Amino acid sequence: MAQIFSRIVATGSALPERATTNDDLANELSLRHIETSDEWIRTRTGIEKRYLAEKGLTVTQLAERAARAALWDSGLAPEDIDLIIVATTTPDMVFPSTACQLQKRLGCARGAAFDLQAVCAGFVYALANADALIRTGVYKTALVVGADIMSRIVDWDDRSTCVLFGDGAGAVILQASDEPGILAAKLSADGHLDENVLGCAGHLAAGEAVGDPFVRMDGRQVFRTAVSVLSENASEVLTAAGISVSDVNCYVPHQANLRIMQKVAERLGIAEEKMVVTVDHHGNTSAASVPLALDNAARHDRIHKGDIVLMQAVGAGMAWGSVLLKW
């Protein structure tokens, strides 16, 4: 029996309508007596603007827009999808899953649909899982979505976190193939680096919200951990695939902080012109970060057939991972 591989055949993305620049945000925060500026945000993060979800916009709606863009890009119909995985930290409800709600909205009702929660690393985790499931031969066409509305769980009185995040969704369609697409994946986590480093500890109990409902972060620890684990993880996935870092044509890192991205690229020896940067326009969109950047690269002719693409992300947990693929 021939070996089964999986390949990305389409990408898509979706953003809320309103862009909020650093100046816009600084003006809004000043009303709350929080001081910040475009220069303060830009020099520390590389972020220039972000898109914030309007009232009434749901994660499922953003996921659907990204999914339909990917379907249009692929020429496939919703009924061709037999596996849906949605990576999200901000679902619209405790259950049913966002994936099942998305399946309903798309009008397809065959195969599996489930959510995956690995925060900012969610999309990379979801893509690796979809690849593994397709390789079993049980599924042929997977829709993998990263979607988050982080603006609804940030504390707008906490300057250290509220300036970082944006909202959005990105999607890919992965299909079974007799040619290698996903070359290797490496997922890791360290639960000792828990909510004291990065987390949102609030939860529902007995009909009430219990605990702190906002994102809290030890920025210095996150920076050190991200640079260290992403550098090591990239080396591991390249070794697993038998690929040299010099063969990487396009680097798509998690778009959390430009300084982290640049530091990891420098450690790996990846030229900065090979790195896709969208954090300046999107901010940190959590699970949507990598697929948004990948779609942007595809739309702007940054990736070509046969290119080797390295995707990485790190998030709370702490959890991190890399996927290496041939375009």
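The values are calculated or read from the model by the stated rules, or taken from the named source; none is laboratory data. Note that the coordinates shown come from a computational prediction; the quantities given were computed from them, not determined experimentally. Note: ideal-geometry Cβ built from the backbone for every residue, glycine included; neighbour counts use all protein chains shown. The protein model used for the area step is the full one, side chains on, heavy atoms only, and it has no ligands, DNA or RNA in it. Shrake-Rupley method; radii C 1.70, N 1.55, O 1.52, S 1.80 Å.
Pop the C-beta distance of ALA77 and ARG299 into the FRET formula with R0 = 25 Å and round what comes out to the nearest 0.05. If you can, show how the numbers build up before the last one.
Numbers: r = 22 Å, r/R0 = 0.88.
The pair ALA77/ARG299 has a calculated efficiency of 0.70.
Go ahead and estimate [θ] at 222 nm for the chain from helices alone: -39,500 (n - 2.57) per DSSP H run with n ≥ 4, summed, over the residue count, rounded to 500.
Working: 10 runs with 109 residues, N = 327.
Helix-only estimate at 222 nm: -10000 deg cm²/dmol.
Just the accessible area per residue of region 1-111, please: how many Å² with a 1.4 Å probe?
Values: 5630 Å² over 111 residues.
With the other protein chains kept in place, region 1-111 gives 51 Å² per residue.
Compute, for the chain, the length of the dipole vector about the Cα centre, with Cβ point charges of +1 (Lys, Arg) and -1 (Asp, Glu) only. Units Debye, rounded to 20.
Values: 29 positive and 40 negative charges, 100 e Å.
Once rounded to the nearest 20, the dipole reads 480 debye.
Taking all protein chains as present, what is the carbon and sulfur share of the accessible area of region 246-312, in % to the nearest whole number, probe 1.4 Å? If you can, show how the numbers build up before the last one.
Working: 1050 of 2450 Å².
Result for region 246-312: 43 percent of the exposed heavy-atom area is carbon or sulfur.
Any idea how far apart SER228 and LYS104 come out in nm if each label point goes 7 Å out from Cα toward Cβ?
Each label point is offset 7 Å from its Cα along the Cβ direction, giving 4.5 nm.
Can you list the residues, at least 5 places off or on another chain, whose amide H is less than 5 Å from the amide H of TYR51, using H built in the peptide plane?
Result for TYR51 returns THR20, ASP167.
With labels modelled as points extended 7 Å from the Cα through the Cβ direction, what inter-label distance (nm, one decimal) is found for THR43 paired with GLU179?
4.9 nm
Give the ranking of VAL222, VAL276 by solvent-accessible surface, highest area first, calculated with a 1.4 Å probe. Don't skip to the answer; put the middle values down first.
On the way: VAL222 20, VAL276 0 Å².
So, going from the largest accessible area down, we get VAL222, VAL276.
At a Förster radius of 51 Å, what calculated FRET efficiency corresponds to the Cβ-Cβ distance of ASP155 and GLN3, to the nearest 0.05? Walk me through the intermediate numbers first.
Numbers: r = 49 Å, r/R0 = 0.96.
Calculated value: 0.55.
Per residue, how much accessible area does region 202-327 have with a 1.4 Å probe, in Å²? Each step should come with its number before you reach the end.
Values: 5200 Å² over 126 residues.
Roughly 41 Å² per residue, with all protein chains present.
Using only the alpha carbon atoms of region 1-103, find the Kirkwood hydrodynamic radius as the inverse mean reciprocal pair distance, in angstroms to one decimal.
It is 16.8 Å.
Quick one: which residues, 5 or more positions from ASP155 or on another chain, have an amide H under 5 Å from its amide H? H modelled 1.01 Å from N in the peptide plane, none for Pro or chain starts.
Here VAL215 satisfy the definition.
Place the peptides 306-315, 33-42 in order of packing, highest mean first, counting for every residue the other Cβ atoms within 10 Å and averaging per peptide.
306-315, 33-42
Note down the net charge around HIS203, summing +1 for each Lys or Arg and -1 for each Asp or Glu among other residues with Cβ under 12 Å from its Cβ. Before the final figure, lay out each step's value.
Working: positive: none; negative: GLU195, GLU208, ASP212.
Net charge around HIS203: -3.
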